[in-house]
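A.B. asks: Dropping a structure here in structure tokens format, bear with me for questions.
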Amino acid sequence: MKWRLHGIFQPFTGFMQNLTHMSMMSKWRKDAKVNGYNDWYQGKWDYNRREKLYEAVISQEQMGTLPIDYFEFGVCGGYSFKWWLAHNSHPDSRFYGFDTFEGLPEDFGPFAKGTMAAALESLNVTDTRASFYKGLFQETLNPFLEQYKSTRRKLIHMDADIFSATLFSLSQLYKYLNDGDIIMFDEFGVPMHEFRAFKIFTESFYIKYEVIAAANNYLFLAVKIKK
């Protein structure tokens, strides 16, 4: 019997894991104080509320005029990337965009592999402060980090969607994180993906942080690293 447990329980594992992480996220939300903007509770999700998070972060942390290093994982059509380019005016800021530009590398909920593809050329970004890195994060991030050196404050936008890409990126960025750096999430409210990756990352690396903004029922979240 013990060798056939997978046949009995595997059809239910996805449902049970999702329920478990929904419960974990509920407790995390209850315990995690938001020291800043928080629109909880909204009757429905509104994806346009992500700008509320950006506006809160840029105002609270005075990131509109200071030199920053902006990282975005999951550029897609470039909406968020262009927003931060337009709202940070410092000439010494640098903006780094990572994406396959060929869509999701694996299924993500109702979105099939290959969804959200956007040609890099279609972004039409001409700001010389911006650079893009095409390919899987597992292929592009570490070669970039090997030559990366900066004393500027970092703003890391995690819009990778899927668990594997989010966890990989966070784990590789760990040794580059400094006090005051900010990590934003675009699908934090999806319990089996960005939330799960964040939970594993912070617990495995003993990351100290404070939550500085939450929008759209915690779908969008910003945390500040404490060291």
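Taken together, the values in this text are just the output of simple stated rules run on the coordinates, not laboratory data. Predicted model, so just to flag it, every value in this text is computed and none were measured. Cβ atoms come from the backbone with ideal geometry, glycine included; neighbour counts cover every protein chain shown.
A.B. asks: Report the extension gain between Gln62 and Gln10 in nm, rounded to one decimal, defined as 0.36 nm multiplied by the number of residues separating them, less their alpha carbon distance.
C.D. replies: 13.8 nm
A.B. asks: Still on this structure, I have one more. Anything over 25 Å Cα to Cα? Flag those among Lys154/Lys226; Lys30/Lys52; Lys44/Lys154, in the order listed.
C.D. replies: With Cα atoms farther than 25 Å apart: Lys44/Lys154.
A.B. asks: Could you rank the peptides 124-133, 157-166, 141-150 by their average count of other C-beta atoms within 10 Å per residue, with the highest value first?
C.D. replies: 157-166, 124-133, 141-150
A.B. asks: Separate question: What length, rounded to one decimal in nm, is gained on full extension from Leu145 through to Ser26, with 0.36 nm per residue of separation minus their alpha-carbon distance?
C.D. replies: Full extension of this stretch gives 39.4 nm more.
A.B. asks: Between region 33-56 and region 158-227, how many Å separate their Cα centres?
C.D. replies: Taking the Cα centre of each part, region 33-56 and region 158-227 sit 16 Å apart.
A.B. asks: Which entry is the computed Cα Rg over 2.2 N^0.38 Å for this structure: (1) 1.04; (2) 0.93; (3) 1.00?
C.D. replies: The listed entry that was calculated here is (1).
A.B. asks: Can you give me the relative contact order of the chain as a percent, contacts being Cα pairs under 8 Å and 6 or more apart?
C.D. replies: With pairs under 8 Å counted, the relative contact order is 25 percent.
A.B. asks: Once you have the Cα-Cα distance between Tyr174 and Trp45, take 0.36 nm times their residue separation minus that, and quote the gain in nm to one decimal.
C.D. replies: Gain on extension, Tyr174 to Trp45, equals 43.4 nm.
A.B. asks: Something else about it: Label points 7 Å out from Cα along the Cβ direction at His90 and Lys199: separation in nm?
C.D. replies: For the pair His90/Lys199, the computed spacing is 3.5 nm.
A.B. asks: Ok, one more. Going highest first, how would you order 30-42, 197-209, 47-59, 180-192 by mean Cβ packing within 10 Å?
C.D. replies: Ranking the peptides 30-42, 197-209, 47-59, 180-192 by packing returns 180-192, 47-59, 197-209, 30-42.
A.B. asks: Roughly what % antiparallel, to the nearest 5, for the DSSP beta bridges in region 34-225?
C.D. replies: 30 percent
A.B. asks: As an exercise, use a Förster radius of 41 Å and the Cβ-Cβ distance of Thr126 and Lys33 to find the FRET efficiency, rounded to the nearest 0.05.
C.D. replies: My answer for the efficiency is 0.50.
A.B. asks: Determine the sum of side-chain charges near Trp83: Lys and Arg each +1, Asp and Glu each -1, restricted to other residues whose C-beta is under 11 angstrom from that of Trp83.
C.D. replies: -1
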